Structure formats: structure tokens, C-alpha cells
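Here the structure is laid out as C-alpha cells; the discussion comes afterwards.
The values are calculated or read from the model by the stated rules, or taken from the named source; none is laboratory data. Keep in mind that what you see is a predicted model, and the values were worked out from it rather than measured. In this analysis, Cβ positions are derived from the backbone assuming ideal geometry, glycine residues included, and neighbour counts consider all displayed protein chains.
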Amino acid sequence: MQWSFDRLYRHDITQALLTVSVRPQDLFTEHTPFTLDYSITAVNGTQLPRSLMPPPTIIYEPASGGFRGMPSYSLAGIGVRKDINTLSEAETENLREALSSVMDDTRIISYQRLAGWHGYPGLCSMNGQQVACCQHGSASFPHWHRLYVRSLEIAMTLEGARIGIPYWDWTTTFTNLPSLLTADDSNNPFLKGHIKALNQSTSRSPRPQLFNDPERGEESFFYRQILLAFEQRDYCDFEVQFEVTHNAIHSWIGGTSPYGMSTLEYSAYDPIFFIHHSNVDRQFAIWQALQRYRGLEHNSANCNIQELKMPLEPFNRKQNLITIIRENSRAIDAFNYEQFGYQYDNLNFHGLTIPELEAVLEARRQEDRVFANFMLHGIRSSADVSFDICDAQNHCIFAGTFAILGGPLEMPWVFDRLFKYDVTSVFKQLHLRPDSEYRFKMRLTAVNGTELDPHMLHAPSVSFLPGRGEQRARAAREDPVTTVSNVVTRYDVDSLTLEQASSLRNAFTSFSLTSYEAIASFHAGSGLCPENASVTFACVPHGFANLPHFNRLLLVQMEMALREKGATTGIPYWDWTRTIRALPSLVAESGDNSFFGYHIRQANKDTVRDPQEDLYVASRGTRNILFDMTLLALEEVNFCDFLVQVDLLHVRLHALVGGKEPFSMATLEHAAFDPLFWLHTANVDRLWQAWQELQKLRRKSYHSGSCARVTEDTPMLPFSSETLNPNPVTHANARPVQLVEIDKFRYSYDHLDFNRRSVSELLEATQSLRVKDRLFAAFLLSGVHTSARLHVTLQTGSGEGAVEVGSIYLLGGLSERRWAHERAYKLDVTEAAARLELDPYSTFDFNVSLFDYKGQPLPYTLPYPLVLYRPASVDFDVLVYPMYVDKALPPKVTVRRGTKIRFHAADPSLQGRRIRTFGSYTLFIKCEALPGDADTLSLDVTYSLNPGEYYLALDGDLPGKCLEAGRTILVIDEE
């Protein structure tokens, strides 16, 4: 019976193509050198004519689960780095010959010269000392070694290598080093290296833990560590996890060998170094591919920007003959590895494609985890760190190990963030919780076996990272929401579709012709409050505890108006915690765009924007300064402290957008008329909700604090006014206590990420702030009847030096309500104090200048700042009052429970005087206290006081008199 198939029979020719160095995607290139030949042979061996069947065709099938730009097939050829365990005999021999030639010192690019770039003899200088050029403990670590491995690879290619430097994937199971590295014959240059200047050969002394998991007796140690690195979405967080994991390979291969991989000075003389670092670079490339798949930045970083822009030595020197390396010798230029002419055979990890790997990582994020957090720094030696965790009964369990790579020639280094080590399983074994009683037992062992003082390293802290699955379950239990059909979503303005943006613009255009000015005037304008009074002020309660509640209700009022005009989404938010390069296009595009500006009819003026340079400048080489301020606000566990930080944070953006323009975001009276105001305020409201979610994770109150109790049940004008407010929803919900939850207002946010960090990641970030001692200038601020800027510098108590600290912005105007904070706004002065070598209890000489928003000087009438010391790894602050004869203390300061107090004699003439405590406010005013030292506090002594209200004054010049400048009321909150 005659037959023919109605579809194709397919035969996989992928491997055959790779054998002749043809990549699958090359099939679409016109000049790819291949032909397809075929023959038909009968079972008896007779050749049959090919015309019996149609000629075959070629089908290209992309990898399942792949995504655009990320091929999952294997490659081979010049510049292609292959798995060392897949090399053919011919490839192995070719690599040996090429490396042998490079090791010939007569070559232009010799191995001795290249090896010296990394460590010994120290070809770079720092502070007048010769140091190794290699970057360790630095954000530039991956890039320096990327350039380094590529330099040898180019040298080997010039000597005839037909493939790239192979990689050894040490995250897979292995019981021996790869054969290319261990074959003991005279023709194997990969076996060892020679240090010509010392006439020494490298050697290896592998430790047992290299081949067995030191924790669990399995092969998964490196696999787990690299997965944790891959989880990180911030480049610098990834770099720390990634680099420390790589150190263990150095330590455990070199062992006690004095001239081997475990030493920073000599590791690069052993050829295994480059095989190891080919894999390290591949892991960097996999992380970059993950970032690309996540939709995050993969070819740049928003952290340590200044460092990443510095030229990497010695690659930048004119003596470097490799042009492509020399011209791209900054770390920021070395992210894109494809420009250097090499690639990997594939970027799979344990057989997983990039999407499959991300799914594995996401599954890990669903689980609750506990981490030991280490703040690492150089110790001028290589060493292994191991640690036990012991419970209250002193039952100790081995918890983990990692390595530090260093030596006498190392550049001094310190990480600016934590190295995290997963200790979840140990906590489970010991039945511990993060708040249980336990301790760490640390061991620090040099590579030669010498036990070092473990106190050379900081003691670890512990953090609990709730799983995302539990977060969602908790949110479902605690925060039931209305049906989706009744909820409007507030989206990131940068993620709006064209249809959504058009809907908002059309609705705003329609609304702006009628009632927009009335709602904008609820904020300030000419002043509507109190109602029917002869003298009125702006209704917005800037400087008060109900400001977030007021703005939340104002947003709801505006959002409901836009929905009535046809808007299909909620008011979008502008996440200014990400790096800002321009204002959002929704508000920045001119032409037919109602969000571009508004004509204020009552003033007959158009709103304008005057963006300041500081809006676009990154902070401390890491992030947008607004994100730094956001983390500091989210760190606070008391609503009242959170409120002060957020208030000044949101005002900063007003100032940086409005600049010196009166009819702009920079002034209280006109800020709400700029359509950008609503996007900004939505983000502040979103920040409040994120803080509430953090408080739930911390198991602390997410409601208003003690500072809000006076106002939380008082209806807010103008929402409570029947004549001014026709909206029944906002009229019925005008009391702050009604605004803590958002469900009733039928809106939600697309997510609560800030700077692309989820709530759980923000929790971890705020916890990591606590690993270092920090110092703050503590300002008790009040209104100055105009928008203004405080410019702060710091010098030593003796008046030496002057270090820039920063600026604080105030939003105000003639119509502002009188306000004064009794909680301190904290301005970070840690770096400035370090530059001046000031410790927490030194005399801090602050110079504070006050300018209006147009830049004109104003008289400074605010209290002199206090100093707040936040020690590392503890849950209390120390508030330091600087005592002067002529600088008055703030009239009243409220601090959270547990805060310690110290009065410092900043004026030497006050030495020996005492602080009097008074039993009542009346006695305090009269300065009537017991004689002698009863009920007194000493200067320059730290005190722990119980919650309560304290009336305090410094002894005056005469007995029974108080120094007027030394009076203050201190309230230690119950919360």
C-alpha cells in the first residue's frame, strides 16, 4: 500500500552543526559556510535515486521557555568559553600549546607579566604604599577580573588558541579537580605556574570541604551560595554575595600552600586561577541575564557609581597593548562583555534556562528565612571564617563557613553592605526564633593554620526575611479588600499604557475646566480654614500628625472627581526613589497635555517647574538621595518618628521640582495647582502604606502614635464642611482615625516596591542599616512663614575644617498654619563626622544657614541641633544635648521608649555643672529645686530614663538659678 506522511519527520542536527562550528542562529546568515547533503540507501546497500523523495528542509526551533535575546543553545569556536569537562582532546591540546607559548617570557604579552598584575609584586600604589592592583572587597571586583581573564584569553588567541578559556562550574558535584588542571606530565602548563622573581612554583593543597559540603555532607554548598547571590536584584548586593562565595574556592584549593590559590599575592600565578575566574565571570553573566529577564538594569549599576567610573589599573595604562581592554578600563564600561569578543557556550545553570532559574529563585523567596549578617573588611590576610550558633543552654551547632582573600599587598577594603549567610536550618535545629536568646561562636583561621583573633571581624547580626507566600497569606487575613470590580488601581506613572495615560489626560482636561481649582484650594491657595473666619489659613496641616491622613483624603477626593470624568485608573504615582533622569512623560510632554501645567485663575498665573540639579544627582555613590531618606523613614518603628522623616522627605521633592518659582511646587500656596503634585502625593501615600506593611511584619503597631491622639478624632476641614465639601464620602470620613485603612476608599496600588525593592526586601534593607554606628544632627523644626532651605556644615569643636552635611527644606508661606515639631528630624552626619574624626560624644560645631526658596538669606531662629547617636546592632538611640551658654536648647523634645540621654558640656566653661530635674512644670518655670546634688544629672554621662515627662535645666552662674539657654522638657514616650 502506497503511503506518504502529511507532515515532516524531523531529525535533530544541532550537534552536527556545532561540530563544524556552525551556531543555530548562523543558519539565517547568508554567508554561513555549510551545505546539506543526503543520500538514500536500500537495506541491501543499493544507492537509490534522491528524486524518490523531496529534498529535506531546515527548521530552526528556539528553546522552549527562552526569551528574546537569550539563546539557550551551546556554542564553540574562537572566543567561546566552554565547560572544561566537555573539551575534546583536540581542544585540550590546543589550549595547552597556547598557554605554553604565553608562558614563554619572550612573548609580547607574557604570563609572568599578566600574573603580576593581580598580586605580587604590587604594581599599584595607594597612600604612598605599593599594593596589588586587583580589586577585592569592591564593587569593581567583577569587572577587574573580567578584564583580567579576557587579557590572558587574547594573549592565548594570539598564540593559536581556537577556543576561549574554559570554565569550571564548581557548583556541580565533583570529587576531583578537572583533568586539564591535574594531568601530571611535562606538557601540561595548567598543572602549576612559576613565580620567576622568587624562583618558586605554585602548588595546591585542597581542603576536604572543597569536595564535600561543610554543612551537610553533600555537594550543594556552592550551589546554595550562588543561588542566594542570583536572588539579589541590586548589583552591589549581588556583588558581595558573589565575591565572598568565590573566595572559598581560592582558600579550599590553595589550602596551606604558601604559593597558591589561597594567597592574594600568588594566586594568579597558578593557571587554575583563570579557569576559576572564567566561571566567576560566567556567573556574573548569568546574573546579568537574570536582570535582563526581570526587566531590571543589567549593564549598569546605581550603586557605588563614583568607584565604578574610576579607571582600573593597570588596564588603563598606555603600556597595555590590548586596545579594547585599555579603552574600556572603567568598571562602568565593562558590564557589556560581548563588546570584548567572547561569549559562553550557554548560560544555563544546572540545566536551567534563565526563565527556569528565575522560577527556582522565586520559589526560594516564598519561604521564611533567617540570615546571619556579616559586615566584612580586609584583615591583610587570607582566612577561613567558621561559626557556630549556641542556644541559651549552650548547645552549639556548626552553622557555616566562608573565606576572606587577602594579604600584605591588599588594597584596604570594607564592604558597604552585608554578606548574608542562610542559617534557617540551624535555627530550626535549635528551635530558635530571631528574638530568642542565642550567641555566635566565631573562629578565624589563617591559611597556614594559625588561629586568629575572631574579634578582628565584627560580630554578625541576625535578620528574619519573611517569605512572600506568608506575606500574601497574612495580607489576605488582615486586610480583606473589596471586590476587584470596585477597586481602582494606582499605577506607576512610568508603566501606564497609552490608553491609560490618554484616559487620565482627557479626564483631567474636562475636570480642570470646572472644579479643579476648588479641590486644589483644599490644600492651601488663599486659605479656607477656619471656615467663615475673618483671618484664614491654609487647611493642610503641615507639621502636624494628621498630615498623611489629610493628604490621603485629598487624593481620594481628586481621584473620585477624575473617575466621574471617565478616568479608567487611579491617580498614578511617581516613584522618585529610583534614579531620576527626567520628569515623568505624563506631566513633562508639552502640547495638548493638561498635566503639563495649570492656569491658576484666582492668581491669573500659570504653574511652572524649575527642576534643580540635585533632583538628578545620585547620593553617596549608591542611590537617589530620596531613596536613602525613604529607607531612613521606613526604619522608624514609631509612627510619630516615621511621620517627621516622611514630612521632610516629601517637602524636599517639592523644593527640587519647584525651584525658585513662586507659582510652583516649591510654595505652600500654589503647590497643589501643579498636576505633578498629585503624582507626588500618591507616592507619599504609598510610602505610608508600605510602612504599615513593614510594621505588620515587625509585629508592631501600624496605627497612629501618641503624637496623633489629640487630633485623630477631630474632623478635618475643609472635608468636614457641608458648604465647602459636596463629596459625601470624604465628608463622612473626615476624622484621621477613619483614614488608617484604605479599603473603604476602593483604591489599591499595583505594588509597594520602592526603588524596585519589595516590602520584604525593604525590611531587610532597613535592618542592614543597623550594622554600622551612625550619627545624626537632630533638628527640632518649625515654620518660618515661607518655603526655605537650611544649609548645614560641620566642623570640629575647635573650629577646624568645614565639611558639607546637606540641606533640609521647609514648605511654607504666609498662609501656613503655625507648627513646630517636638520630634527630631534626623540628618545623617556619619560621613562628615568620620572625616573630622569626631566620635559620638565629641563637640559638634554645626553651622546652619537659612535661606528662603529664592535663595535670599533669612535670620536663623530655630533651636541649635542636638546629636543623635544610633549604635550598631542595638535597638536604642542616644540623644546628646550639647550644652552652651549662648545656644538655647529646644523647648521640648519627645523620643521613643528606650532612648538614652546624655548632656555634653560643649562649652568648656560649663564643666562641673549639673542638670537639675524638677518635679513639676511650675517648679521648672520658677527654677526651684532641692539644693545640693539631689535630683540632678551629671554632664557627659549617659542615662537610661523611664518613660515619662522630665523638666530639666542646667545650673546657672549663681546658686538656685537656672541657665536660661539650658532649659528643656524631655518626654520619653511609652511607645
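From the list 717, 763, pick out the single residue that is farther than 20 Å from residue 543 by Cα and aliphatic (A, V, I, L, M).
Working: 717 fails: farther than 20 Å from residue 543 by Cα.
From the options 717, 763, the qualifying one is 763.
Which of the strands (runs of 3 or more DSSP E) contained wholly in region 877-928 include at least 2 residues that are more than 37 Å from the chain's Cα centre (by Cα) and within 19 Å of residue 945 (Cα to Cα)? Break it down stepwise before answering.
On the way: elements: 878-882, 892-895, 900-904, 914-918.
In region 877-928, 914-918 are the strands (runs of 3 or more DSSP E) which contain 2 or more residues that are more than 37 Å from the chain's Cα centre (by Cα) and within 19 Å of residue 945 (Cα to Cα).
For the subset of region 721-730 comprising residues that are touching a helix residue (DSSP H, G or I) at 6+ places or on another chain (Cβ under 6 Å) and part of a loop (DSSP other than H, G, I, E, B), which member is surrounded by the most Cβ atoms within 10 Å (Cβ to Cβ)? Spell out the reasoning first.
Let us first name the residues in region 721-730 that are touching a helix residue (DSSP H, G or I) at 6+ places or on another chain (Cβ under 6 Å), namely 725, 727, 730.
Cutting the leftovers down to part of a loop (DSSP other than H, G, I, E, B) gives us 725, 727.
Numbers: 725: 20, 727: 15.
Result: 725.
Within region 731-740, can one find any residue that is touching an Asp or Glu at 6+ places or on another chain (Cβ under 6 Å) and either modelled with pLDDT of 90 or more or crowded, with 18+ Cβ neighbours inside 10 Å (or both)? Explain how you work it out, then say what you get.
Step one: list which residues in region 731-740 are touching an Asp or Glu at 6+ places or on another chain (Cβ under 6 Å), which gives 735-737.
Subset that is either modelled with pLDDT of 90 or more or crowded, with 18+ Cβ neighbours inside 10 Å (or both): 735-736.
Checked against the condition, which is being touching an Asp or Glu at 6+ places or on another chain (Cβ under 6 Å) and either modelled with pLDDT of 90 or more or crowded, with 18+ Cβ neighbours inside 10 Å (or both), region 731-740 yields at least one hit.
Just wondering, is there one or more residues in region 790-806 that are without any contact (Cβ under 8 Å) to a residue 24 or more places away in the chain and not in a loop (DSSP other than H, G, I, E, B)?
Scanning region 790-806, I find at least one residue that is without any contact (Cβ under 8 Å) to a residue 24 or more places away in the chain and not in a loop (DSSP other than H, G, I, E, B), so the answer is yes.
Looking at region 366-389, is at least one residue buried (at least 21 other Cβ atoms within 10 Å of the Cβ) and more than 29 Å from the chain's Cα centre (by Cα)?
No: region 366-389 contains no residue that is buried (at least 21 other Cβ atoms within 10 Å of the Cβ) and more than 29 Å from the chain's Cα centre (by Cα).
Determine, yes or no, whether residue 804 is among the charged types (D, E, K, R), within 23 Å of residue 611 (Cβ to Cβ) and exposed (fewer than 15 other Cβ atoms within 10 Å of the Cβ).
Yes; evaluated as a whole, the condition is true for this residue.
Quick check on region 86-122: of everything there that is surrounded by fewer than 17 Cβ atoms within 10 Å (Cβ to Cβ) and part of a loop (DSSP other than H, G, I, E, B), which residue is farthest from the chain's Cα centre (by Cα)?
My answer is 106.
Does region 417-432 hold any residues that are under 15 Å from residue 367 (Cα atoms) and part of a loop (DSSP other than H, G, I, E, B), and which are they?
Residue satisfying the conditions is 423 alone.
Take residue 956 and tell me if it is surrounded by 12 or more Cβ atoms within 10 Å (Cβ to Cβ) and over 43 Å from the mean Cα position of the chain (by Cα). Before you say what the answer is, go through the steps one by one.
Details: surrounded by 12 or more Cβ atoms within 10 Å (Cβ to Cβ): yes; over 43 Å from the mean Cα position of the chain (by Cα): yes.
Spelling it out, residue 956 is indeed surrounded by 12 or more Cβ atoms within 10 Å (Cβ to Cβ) and over 43 Å from the mean Cα position of the chain (by Cα).
Filtering region 437-459 down to residues that are touching a Ser or Thr at 6+ places or on another chain (Cβ under 8 Å) and in contact (Cβ under 8 Å) with a residue 60 or more places away in the chain, which residue is surrounded by the most Cβ atoms within 10 Å (Cβ to Cβ)?
447
Name every residue in region 843-879 that is hydrophobic (A, V, I, L, M, F, W, C) and more than 22 Å from residue 642 (Cβ to Cβ), in order of residue number.
First, the residues of region 843-879 that are hydrophobic (A, V, I, L, M, F, W, C): 844, 846, 848, 850-851, 858, 862, 866-868, 872, 874, 876, 878-879.
Within region 843-879, 844, 846, 848, 850, 851, 858 meet the criteria.
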